[in-house]
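Here is the structure we will look at.
The values are calculated or read from the model by the stated rules, or taken from the named source; none is laboratory data. Note that the structure is a prediction, hence the values are computed from the model and not measured. Cβ sites come from the backbone with ideal geometry, for glycine too, and all protein chains shown count toward neighbours.
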Amino acid sequence: MTAGVDGLSHIGVAVGDLAQAEATFAALGAAQRGREVVAAEGVEVSFVRFGDLSIELLRPLDPEAEGGVAAFLRRRGPGVHHVALATQDLEALLGQLKDAGVAPIGGASRPGAEGSRVAFLHPRDTGGILIELCEVRA
């Protein structure tokens with residue numbers, strides 16, 4: 001059996017001010033699902049929802065950090081950071097990608113928001129888009 005992508009999990013948006021971003025999305029009619037710190041990624045996240053579409057607002061815990069969302073904000077300013085794709089078997093999918101010559105950033109999956117396991121694929125391997133592969137665990 002081949003592992004694959006089941007669909008869109010969410011769109012990640014880098015922001016400098018979570019409260020302001022949450023208020024803007026609320027004014028557009030989004031429902032907020034809550035905040036969480038993802039220490040492994042150095043961010044505080046807030047998920048907002050429009051029907052089936054989930055948007056993950058990302059604020060760096062340390063705006064001066066070397067990489068990740070903090071560096072993205074310094075280079076590009078607020079905006080779309082990544083597209084997250086859902087999978088039911090992240091490790092199998094990563095194995096298939098490895099066989100195809102594509103390795104995740106950092107070499108392995110790691111804990112993500114809302115109890116998920118995640119891995120990121122470098123934009124050089126994906127046509128210029130940072131892709132997060134996301135396996136939600138029950």
Among (1) modelled with pLDDT under 95; (2) surrounded by 13 or more Cβ atoms within 10 Å (Cβ to Cβ), which single condition is G95 missing? (2)
Suppose we keep only residues that are surrounded by fewer than 15 Cβ atoms within 10 Å (Cβ to Cβ) and of a type outside the set (V, I, T) within the stretch 34-48. Which one would you say is nearest to A108 (Cα to Cα)? A40
Subset of the stretch 31-65, residues of a type in the set (K, R) and closer than 16 Å to E114 by Cβ, comes to R33, R35, R49
From the list V5, V13, V37, which residue is in contact with a Gly (Cβ under 8 Å, 6 or more places away or on another chain) and not in a helix (DSSP H, G or I)? V13
Within the stretch 54-68, of all residues that are at pLDDT 95 or above and aliphatic (A, V, I, L, M), the one nearest to G29 (Cα to Cα) is I55
Failed criterion for T24 (all others in (1) under 22 Å from I129 (Cα atoms); (2) surrounded by fewer than 19 Cβ atoms within 10 Å (Cβ to Cβ) hold): (1)
In the stretch 16-34, residue farthest from G79 (Cα to Cα) [restricted to those that are assigned to a loop (DSSP other than H, G, I, E, B) and in contact (Cβ under 8 Å) with a residue 24 or more places away in the chain]: A30
Sole miss for R137 among (1) assigned to a loop (DSSP other than H, G, I, E, B); (2) touching a residue at least 24 places away in the same chain (Cβ under 8 Å); (3) not acidic (D, E) is condition (2)
Tell me yes or no: at least one residue of the stretch 50-70 is touching a Phe, Trp or Tyr at 6+ places or on another chain (Cβ under 9 Å), free of Cβ contacts under 8 Å to residues at least 60 places away in the same chain and farther than 19 Å from F120 by Cα. yes
